[in-house]
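What follows is a short report on a single structure.
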Amino acid sequence: MISEVVDLLRCPHCASELTCTDRVVSCAGPHRFDLARQGQLNLLSNAAPANADTAEMVAARLDHLGHGFHDQVRDLLTTRAGRVVLDAGCGPGWYLAGLSDDHRAIGLDLSAAAARRAARLPRTGIVVTDLRRGWPVADRSVDTVWSIFAPRNRSETARVLRPGGELVVVLPAPDHLDELRAAGAVIGLQPDKEQTIAEQFADWQPIRRDTVRVEIERPDPAFVATAVAMGPSAHHRTTTATVDRLTLSLVVRAFRPEGEPA
Ligand SMILES: C[S@@+](CC[C@H](N)C(=O)[O-])C[C@H]1O[C@@H](n2cnc3c(N)ncnc32)[C@H](O)[C@@H]1O
């Protein structure tokens, strides 16, 4: 519910504090926003952009993540999360759903379909917005920013993090979904993605690096199909593949803005 995190949010137009009454969010100035039926705050005035996840992709993602192979990644994130978490590109909120009652969270995503699912989460406010723009979040209000297979915004991350806070990035290793790539069912990965991210945060302190790698023998075809249908390949391809093995291979990196205590 937005009301549970409204003290952490700021007006997207004038950056003033917000209040939430019934189904309306208002700032100290002239700006008012109606909440959507499920409780999320939609700040996009136009229809969902082409790169937003669709309802079909959202359903496939929840199905895929629910098979248990990503639990280890979720545990890595949730056990180290601070009291206030911002999931930048939260999708349907599967990772946020792993947080305990000690946490409050904000989820930002471009996809209205994903936001409708994530809006069900307790102690969590979901905002439909473009991560590449300014975030409607107060300065130094967040302990942990997650960027899980999502675009990063370095300056907004630095602005919203409290002193000592950290950014955690989850990205695909070069061999992630290799078998599906070999079969032409998913689009190519940027081979030097981790290096690109390390360079983007070269002047931040690297805090941790973890890897999670699982080889699934004779994977359930329905599970394989969701691996294709939940990702960006779903925007481009409609075919799936039968594979004897599926490799899930992820890297989790954590960074702290320069000058912050280790
Ligand atoms: C690969 S999905 C990952 C979702 C979630 N982090 C997870 O791992 O389950 C990428 C997400 O980023 C969102 N996204 C892509 N570009 C975005 C942007 N410019 N602003 C906000 N969200 C964006 C998509 O709508 C999608 O939900």
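Could you compute the net charge surrounding residue 214? Neighbours are other residues with a C-beta less than 12 Å from the C-beta of residue 214; K and R count +1, D and E count -1. Write down the numbers at each step before the final one.
Details: positive: 213, 245; negative: 71, 175, 215, 217.
Net charge around residue 214: -2.
Mind putting a number on the dipole of the chain about its Cα centre? Charges go on the C-beta only, +1 for Lys and Arg and -1 for Asp and Glu, and I need it in Debye to the nearest 20.
Here the chain has a charge dipole of around 500 debye.
Count the net charge of all other residues whose Cβ sits under 13 Å from the Cβ of residue 199, scoring Lys and Arg as +1 and Asp and Glu as -1. Could you put the intermediate results ahead of the total?
Values: positive: 152, 154, 193, 253; negative: 192, 194, 203.
Neighbour charge sum, excluding residue 199 itself: +1.
Percent of alpha carbon pairs in segment 2-256 separated by more than 35 Å?
Numbers: 4522 of 32385 pairs.
Value for segment 2-256: 14 percent of Cα pairs lie more than 35 Å apart.
Which whole-number percent of Cα pairs in segment 70-168 have a distance greater than 23 Å? Kindly include the intermediate steps, with their values, before the conclusion.
Working: 672 of 4851 pairs.
Of the Cα pairs, 14 percent sit more than 23 Å apart.
Given segment 2-256, what percent of its DSSP beta bridges are antiparallel, to the nearest 5?
55
At R0 = 22 Å, how high is the FRET efficiency between residue 19 and residue 154 if r is their beta carbon distance? Nearest 0.05 is fine.
After rounding, the FRET efficiency stands at 0.15.
Ranking request for peptides 83-93, 101-111, 175-185, 159-169: highest mean number of other beta-carbon atoms within 10 Å first, then the rest in descending order.
Values: 83-93: 24.3, 101-111: 21.5, 175-185: 17.8, 159-169: 19.9.
In descending order of packing, they fall as 83-93, 101-111, 159-169, 175-185.
Do the sum for the chain: with -39,500 (n - 2.57) for every DSSP H run of n ≥ 4, divided by all residues, what is the mean residue ellipticity at 222 nm, to the nearest 500 deg cm²/dmol?
Values: 8 runs with 60 residues, N = 262.
My calculation for the chain gives -6000 deg cm²/dmol from helical runs alone.
Decide, for segment 1-131, between rounded, prolate and oblate: order the square roots of the alpha carbon gyration tensor eigenvalues as a ≥ b ≥ c, take rounded if a/c falls under 1.5, and otherwise choose prolate if a/b is larger than b/c, else oblate. Spell out each step's value before the answer.
Values: a/c = 2.26, a/b = 1.40, b/c = 1.61.
Taking the square roots of the gyration eigenvalues as a ≥ b ≥ c, segment 1-131 is oblate.
Return the single residue from 28, 15, 81 with maximal mean-square fluctuation; model: Gaussian network over the chain, springs between Cα atoms under 10 Å.
28
Taking the chain as the reference, fit the longest principal axis to its C-alpha atoms, fit the long axis of helix 55-65 to the helix C-alpha atoms, and give the angle between the two in degrees, 0 to 90, nearest 10.
It is inclined by approximately 70 degrees.
When the chain is fully extended, how far beyond the present Cα-Cα distance does residue 215 get from residue 162, taking 0.36 nm per residue of separation? Present the calculation step by step, with values, prior to reporting the outcome.
On the way: separation 53, 0.36 × 53 = 19.08 nm, distance 3.77 nm.
Gain on stretching residue 215 to residue 162: 15.3 nm.
If packing is taken as the average count of other Cβ atoms within 10 Å, what order do 249-256, 204-211 fall into, highest mean first? Write down the numbers at each step before the final one.
Values: 249-256: 19.9, 204-211: 13.9.
Highest-to-lowest ranking by the protection proxy: 249-256, 204-211.
The numbers here are math on the coordinates, done by the rules we state, and not lab data. Keep in mind the model is a prediction, meaning the values are calculated, not measured. Counting neighbours? That spans all protein chains shown, and the Cβs are built from the backbone with ideal geometry, glycine included.
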